[in-house]
Amino acid sequence: MKTKAVVDYIVGWLTDYCEKAGLNGFVTGISGGVDSAVTSTLCAKTGKTTHVLSLPIYQAAEQDSLAKRHIEWLRDRYPAVKNHTMDLSTVLESFQEVLPEEVQDGLVLANTRSRIRMIALYAFAGHHGLFVAGTGNKVEDYGVGFFTKYGDGGVDIAPIADLMKSEVRMLAREMGILSEIVDAVPTDGLWADNRSDEEQIGATYEELEWAMRFDASEEGEKDLTGRKKEVLTIYRRLNRANRHKMAPVPVAKIPGDLRR
């Protein structure tokens, strides 16, 4: 991949899209991971106002530290970057107080964290006239649907959604993003036990990239054995299960004869 050319292309795309829409810039959440680091840096490189939000909810200390370090790194290099930190833990607590205990399972609360953050991002976007820039990569957004519907999937634009995870890391290195962030174990930071993405999915991003490319190819799978066969099964299962996240909302089209 021609990483510098790709960086320049995305920055140009963001700039053009923002100017045509007549908005002022971008807002994105900073998690301490490579996807949000790359997205925020691409937005900052446009020279447009870029608000970066750290939105911890019972966040692991390591993630919180990486998020703060990346924000400092951005502020040192891009004068149009504005940062804000809001601890939203009490918001989650308040919601749990009124949410029936019977529905407070781990996945519900993990997704709730993500949706609370989405509300905060759109508060800034609406007030300042900004686009919410999504941080999902191609494997997450269009492969296995590893995101929260109307949470981190609730965005206006998706700068890195055509990049595989490995390509996101390549762009991060090209732009000089902190190596600790580039090499950090991927995690969505939504679970109390700080489980990694791989632990949740059952496969690494490298394996999922292979499965996504294989599934799009015309290669036969009859000769696949062992781990490759297992990974392809995981990929296809998640792709089917999360199709509702990746496809447009279904609309009940009313037949013409019923309108008469």
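Here are the numbers for this structure:
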item: Hits in the range 1-30 - residues which are part of a helix (DSSP H, G or I) and either aromatic (F, W, Y) or in contact (Cβ under 8 Å) with a residue 60 or more places away in the chain (or both); result: T3, K4, V6, V7, Y9, I10, W13, L14, Y17, C18, A21
item: Criterion (under 20 Å from the mean Cα position of the chain (by Cα), crowded, with 24+ Cβ neighbours inside 10 Å and at pLDDT 95 or above) met by exactly one of V6, V38; result: V38
item: Only one of F131, F147 that is crowded, with 21+ Cβ neighbours inside 10 Å and closer than 21 Å to A241 by Cα; result: F147
item: Residue list for the range 85-97, filter: loosely packed, with under 14 Cβ neighbours inside 10 Å and not polar (S, T, N, Q); result: D87, E93, E97
item: Breaking point among (1) closer than 23 Å to R240 by Cβ; (2) at pLDDT 95 or above, for P186; result: (2)
item: Qualifying residue in the range 31-46 (condition: outside any strand (DSSP E or B), farther than 16 Å from D76 by Cα and charged (D, E, K, R)); result: yes
item: Of all residues making up the range 138-151, the number that are part of a loop (DSSP other than H, G, I, E, B), farther than 25 Å from N24 by Cα and among the hydroxyl-bearing types (S, T, Y); result: 1
item: Condition check for D156: surrounded by fewer than 16 Cβ atoms within 10 Å (Cβ to Cβ) and closer than 21 Å to W13 by Cβ; result: no
item: Per-region count, the range 176-196, residues outside any helix (DSSP H, G or I), in contact (Cβ under 8 Å) with a residue 60 or more places away in the chain and surrounded by 11 or more Cβ atoms within 10 Å (Cβ to Cβ); result: 10
item: Residue list for the range 225-258, restricted to those being outside any loop (DSSP other than H, G, I, E, B) and hydroxyl-bearing (S, T, Y); result: T233, Y235
item: Top-ranked residue in the range 113-132 [being touching a residue at least 24 places away in the same chain (Cβ under 8 Å) and out of contact with any strand residue (DSSP E or B) (no Cβ under 9 Å at 6 or more places or on another chain); ranked as nearest to Y58 (Cα to Cα)]; result: R113
item: Condition met for A80 (of a type outside the set (S, T, N, Q), farther than 26 Å from V185 by Cβ, surrounded by 13 or more Cβ atoms within 10 Å (Cβ to Cβ) and in contact with a strand residue (DSSP E or B) (Cβ under 6 Å, 6 or more places away or on another chain)); result: yes
item: Pick from the range 31-60, criterion free of Cβ contacts under 8 Å to residues at least 40 places away in the same chain and touching an Asp or Glu at 6+ places or on another chain (Cβ under 8 Å), ranking: farthest from S166 (Cα to Cα); result: P56
item: Failed item in (1) farther than 27 Å from V6 by Cα; (2) at pLDDT below 95; (3) among the hydroxyl-bearing types (S, T, Y), with Y122 passing the rest; result: (2)
item: Some residue of the range 52-66 being buried (at least 21 other Cβ atoms within 10 Å of the Cβ) and assigned to a helix (DSSP H, G or I); result: yes
item: Inter-residue pairs, beta-carbon under 7 Å, first more than 22 Å from N24 (Cα to Cα) and in the range 70-91, second surrounded by fewer than 18 Cβ atoms within 10 Å (Cβ to Cβ) and of a type in the set (F, W, Y), 6+ apart; result: S89/Y58
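Quick grid of which residues meet (1) farther than 21 Å from T41 by Cα; (2) outside any helix (DSSP H, G or I):
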| site | (1), (2) |
| --- | --- |
| E93 | yes, no |
| E97 | yes, no |
| R115 | yes, no |
| I119 | yes, no |
| G136 | no, yes |
| G153 | no, yes |
| A161 | no, yes |
| R173 | no, no |
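The values are calculated or read from the model by the stated rules, or taken from the named source; none is laboratory data. Treat the numbers as computed from the prediction; the structure is a model and nothing was measured. Don't worry about glycine lacking a Cβ; one is built from the backbone with ideal geometry, like all the others, and counts go over all protein chains shown.
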